[in-house]
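The values are calculated or read from the model by the stated rules, or taken from the named source; none is laboratory data. None of the values given here were measured: they were computed from a predicted structure. FYI the Cβ positions are ideal-geometry reconstructions off the backbone, even for glycines, and counts take in every protein chain you see.
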């Protein structure tokens with residue numbers, strides 16, 4: 001089977017070149033423009049749903065790994081997502097705090113998820129149910145690996161458009177996402193035994209990356 005150093009680099013490059021990091025949405029929020037504030041609000045209201053449901057994908061993956069040692073890094077990831085036992089530090093709580101500091105409602109009753117937002121989560125959950133390695137690929141390369149590179153321009157735009165905004169959500173993610181990528185790759189390295197297994201990982205990554213591009217497409221209208 002392909003060596004860890006080889007497939008890891010190849011799949012990271014695959015994710016980087018999938019059309020997310022150079023998406024027109026991320027380019028738009030980096031421009032000082034009268035329309036930028038409304039664009040950021042649209043992102044914030046929709047990413048609410050992805051932030052809320054993100055830990056559910058982890059739960060699906062964890063439930064399919066019988067070895068406590070192998071699933072441990074994902075359990076730690078989920079624990080960190082939930083504030084290491086402190087609800088006030090859970091990443092979704094931090095997200096809601098950010099919304100409120102932007103003057104936006106943080107209750108689900110106040111917003112409606114776009115079709116592409118629902119599909120971004122639902123497609124990843126479906127692929128995780130269908131094939132563990134594909135689910136790990138979606139989780140790792142469609143989420144954790146890209147998160148910091150995606151969030152940096154968004155965070156900067158949020159700070160510029162909303163004075164005094166609480167950016168603890170971005171800070172918390174920046175502290176752990178690089179580590180989470182490596183940990184998920186550790187799990188993949190144990191479970192993938194053949195090149196076909198690695199093909200499943202890439203297939204799942206492609207599903208998540210395509211859904212993420214569609215999510216950003218919808219934000220542009």
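Residues that are surrounded by fewer than 16 Cβ atoms within 10 Å (Cβ to Cβ) and over 14 Å from the mean Cα position of the chain (by Cα) within segment 100-125 comprise 100, 103, 105, 107, 108, 109, 110, 112, 115, listed in sequence order. Reported count of residues in segment 48-106, each being farther than 28 Å from residue 191 by Cα and out of contact with any helix residue (DSSP H, G or I) (no Cβ under 8 Å at 6 or more places or on another chain), is 5. If we scan segment 179-196, do we find a residue that is surrounded by fewer than 15 Cβ atoms within 10 Å (Cβ to Cβ) and closer than 18 Å to residue 149 by Cα? Yes, because at least one residue in segment 179-196 is surrounded by fewer than 15 Cβ atoms within 10 Å (Cβ to Cβ) and closer than 18 Å to residue 149 by Cα. Mind listing just one residue for me: the one in segment 147-168 that is part of a loop (DSSP other than H, G, I, E, B) and in contact (Cβ under 8 Å) with a residue 40 or more places away in the chain and, of those, farthest from residue 102 (Cα to Cα)? Only one residue fits best here, namely 167. Considering only residues in segment 80-99 that are without any contact (Cβ under 8 Å) to a residue 40 or more places away in the chain and surrounded by 13 or more Cβ atoms within 10 Å (Cβ to Cβ), the one that is farthest from residue 171 (Cα to Cα) turns out to be 82. What single numbered condition from (1) under 16 Å from residue 139 (Cα atoms); (2) within 17 Å of the chain's Cα centre (by Cα); (3) modelled with pLDDT of 95 or more fails to hold for residue 91? All conditions are met except number (1). Residue count for segment 44-70, restricted to those that are closer than 24 Å to residue 192 by Cβ, within 14 Å of the chain's Cα centre (by Cα) and surrounded by 15 or more Cβ atoms within 10 Å (Cβ to Cβ): 4. Each residue in segment 17-43 was checked for being over 14 Å from the mean Cα position of the chain (by Cα) and in a helix (DSSP H, G or I), and 12 pass. Does segment 81-94 contain any residue that is part of a helix (DSSP H, G or I) and farther than 19 Å from residue 49 by Cα? Among the residues of segment 81-94, at least one is part of a helix (DSSP H, G or I) and farther than 19 Å from residue 49 by Cα, which makes the answer yes.
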